[in-house]
Amino acid sequence: MVKKKENLLYFVEGETETALLNALTILGKKQKLNLWEQDVSRFVRRIKPDTSIYILYDTDVLHQYRRFIDNLKKLDTEKNVANIFLLQQTENLEDEVAFACTISSRNKLFRAFNTQDATEFKSVFIKTNNLLERLNKLKLNPEKLWQGEHLVELSSYKKWRSSYQKLEKKK
């Protein structure tokens with residue numbers, strides 16, 4: 001008997017996260033949705049049966065805990081959602097990438113991409129055609145991604161934490 005293929009859906013906060021996941025050849029659909037700021041309700045109707053949801057989120061602006069937790073609860077009760085996994089970034093994507101490249105600060109990461117600030121960095125990062133090659137030159141260790149200390153406010157969901165090692169990648 002052939003096992004039915006699971007659907008993979010990533011909720012990401014922005015295009016830079018999508019660019020990183022694609023560069024790392026992570027399988028699955030990427031959907032821009034910030035669970036800190038937006039209600040997931042209008043998206044759940046489009047979730048296909050037997051879908052595992054990965055939520056890649058920043059921790060630099062944390063003013064909407066209630067909304068984020070309510071969104072997690074809605075997803076958890078959705079019949080088409082098979083699993084939920086959390087990929088928590090240290091502060092934001094720039095800090096996460098700097099950490100995984102063992103670069104001491106995001107400003108040094110900006111300089112490595114010949115940019116001055118976060119806005120310019122994001123634009124260049126998204127447009128970089130050989131992003132993985134560029135990150136590898138900066139000694140990217142993808143296994144260091146999403147390994148920061150879990151937010152205390154989300155301690156009830158710690159069992160949902162995931163990591164790069166557990167993600168499905170193109171072979």
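We did not get these values from a lab; they are worked out from the coordinates using the rules stated. Treat the numbers as computed from the prediction; the structure is a model and nothing was measured. Glycine also receives a Cβ, built like all others from the backbone with ideal geometry; neighbour counts cover every protein chain displayed.
What aspartates and glutamates could a cross-link reach from K159, if we take a straight Cα to Cα line under 15 Å and drop same-chain neighbours fewer than 8 places away?
Answer for K159, where 15 Å is the Cα cut-off: D76, E149, listed by chain and number.
Taking a cut-off of 20 Å between Cα atoms, list the aspartates and glutamates near K73, but don't count ones fewer than 8 places away on the same chain.
E13, E37, D39, D50, D58, E153
Restricting to the chain, compute how many DSSP beta bridges are antiparallel as a %, nearest 5.
Rounded to the nearest five, the antiparallel share is 5 percent.
For the stretch 50-94, which trypsin sites (Lys or Arg not before Pro) are both in a DSSP coil and crowded by at most 12 other Cβ atoms within 10 Å?
Qualifying residues, ordered by number: K79.
Over 14 Å apart: what share of the alpha carbon pairs of the stretch 60-144 falls there, rounded to a whole percent?
Of all Cα-Cα pairs in the stretch 60-144, 70 percent lie more than 14 Å apart.
For the stretch 9-88, state which GluC sites (Glu not before Pro) are in a DSSP loop and have at most 13 other beta carbons lying within 10 Å of their beta carbon.
E37
With a cap of 14 neighbouring Cβ atoms within 10 Å, and only residues DSSP puts in a loop, list the trypsin sites (Lys or Arg not before Pro) found in the stretch 21-63.
R45, R46
Below 16 Å, Cα to Cα, which lysines can K74 reach? Residues fewer than 8 away in the same chain don't count.
Output for K74: K48.
Let me have the 222 nm mean residue ellipticity of the chain computed from DSSP H runs of 4+ only, each contributing -39500 (n - 2.57), with the sum over all residues rounded to the nearest 500.
It comes out at -9000 deg cm²/dmol, rounded to the nearest 500.
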